[in-house]
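Since the structure comes first, as structure tokens, the remarks are kept for the end.
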Amino acid sequence: LEEELGGPRRDWWGLQGSADGSGLFQGVLEKGPRGTAYCAPQAWQPPCIPADLGQGLERLVQTLKDQLPATRDGWGRWTPPGLPPGPRPPEEADVVVVGGGVVGWSVAFWLKALENQRHGMKVLVVERDPTYSRASTVLSVGGIRQQFSLPENIQMSRFSASFLRNINEHLGIPNEPRIDIQFQPSGYLFLACPERAEGLEAAVRVQREEGAQVALLSPAQLKAKFPWIHTEDVAVASYGLQDEGWFDPWTLLQAFRHKAMSLGVQSCAGEVRGEEWVAGSRGTPVRSPPQPRPPKIPRVHMQDSREYQPIACAIVVNAAGAWAGELLATAGLPGRLGHPPLPIQPRKRYVFSWHCPDGPGFSCPFLVDTTGAYFRRDGIAGNYLGGMSPSEVSDP
Ligand SMILES: Cc1cc2nc3c(=O)[nH]c(=O)nc-3n(C[C@H](O)[C@H](O)[C@H](O)COP(=O)(O)OP(=O)(O)OC[C@H]3O[C@@H](n4cnc5c(N)ncnc54)[C@H](O)[C@@H]3O)c2cc1C
């Protein structure tokens, strides 16, 4: 130490407080019994370093930083640039969920919520983009409706409405703030031109059979309820009376994630690209019951890196959203499992935001007009969100 300091021999070292302010040397380093030093704990005081020791100390601290093995996180450990922070993916799990959007985290939550034995199932969620820059979940307009034409969709949406209404019972965590997804109750209003009127009425019949509360409005009734709508080309409208509206999807996603992790779900950053098939499994994916199925081994690739981690697991859940088809294609499934390809592809969509102080205001429903264009209000300050899906031929 004296060599490193380059100073004259001393009988005591007056290193007080932290040499670099980091708290490494908190306390007073004193000369102890022959050849030893000990650190007597004391209340921390601002550094008071004799001037002639300053330069030597700086060199010493640098030497320690450069050469000693890690004494605390970040010291002496080098992480290649671009690698995500946090732990590496584990080598095995029971279920690997690919995609950390609302579907992925919801699956992970329900797996843990419904498992009989707590902490029994090891569930891992893999997400390649922690910023969710292209995930539909956070780019969506967050609407929930009951007005579908398939009974299954209506049933799922009825369940979802009840789930959201009681979200704190499902996703609340003791001693943490209550979840507020900013739910705005408001009916969807579908307008139909004469050619589409029959289809809309048929859908409403199915919705009512499934227990949804939906009103059919004639053009006159529509005008009376929403005087600002031009009803000339409208033959009929359907208006949701219950369990419809919109909310903040980001808050819902985070609520699922926090709750799932509190139940023991693990997560890691990385992209699943391809799957390894253990020897003997290729071409024989389906086996007779007594023989255990070979593990699936998805590979999690680190961002901007050639590193990847194979994870042995029993089940891979494809929750990759618009990239679900792409993921399946890279899985290299044996035999006929990969054919035909999953018909899911990313499509470009736009959501516009505009300010219209003289707009319909607070009573504005989630309106879907005869062309499929939609809009809803966004807050109460005259802002609106809306968009329209292009036709199949002009889809970018
Ligand atoms: C403009 C727009 C508006 C919408 N409005 C509504 C609405 O009002 N109401 C409604 O109910 N729905 C709406 N939707 C649909 C809704 O947003 C989606 O159905 C839902 O968010 C899908 O969630 P997801 O988790 O499947 O997909 P995503 O949220 O897209 O999540 C998929 C995740 O998987 C990750 N991923 C993909 N491949 C890999 C891989 N190989 N490895 C690791 N991670 C991977 C992606 O990074 C992404 O984060 C809208 C969608 C859009 C685009």
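Any read-out appearing in this document is the output of simple, stated calculations on the displayed coordinates, not a laboratory observation. These numbers come from a predicted model, not from an experiment. Positions of Cβ are generated from backbone atoms using ideal geometry, with glycine treated the same way; all protein chains shown enter the neighbour counts.
Of note:
- Per-residue Cβ neighbour rank within 10 angstrom, fewest leading, 178, 88, 257: 178, 88, 257
- Diffusion coefficient of region 92-139 by Stokes-Einstein, Kirkwood radius over Cα pairs, 25 °C, 0.890 mPa s: 214 µm²/s.
- Once the mean of 1/r is taken over each pair of separate Cα atoms and inverted, region 178-278 shows a Kirkwood hydrodynamic radius of 17.4 Å.
- Nonlocal amide H pairs with residue 217, under 5 Å, H built at 1.01 Å: 237, 238, 239
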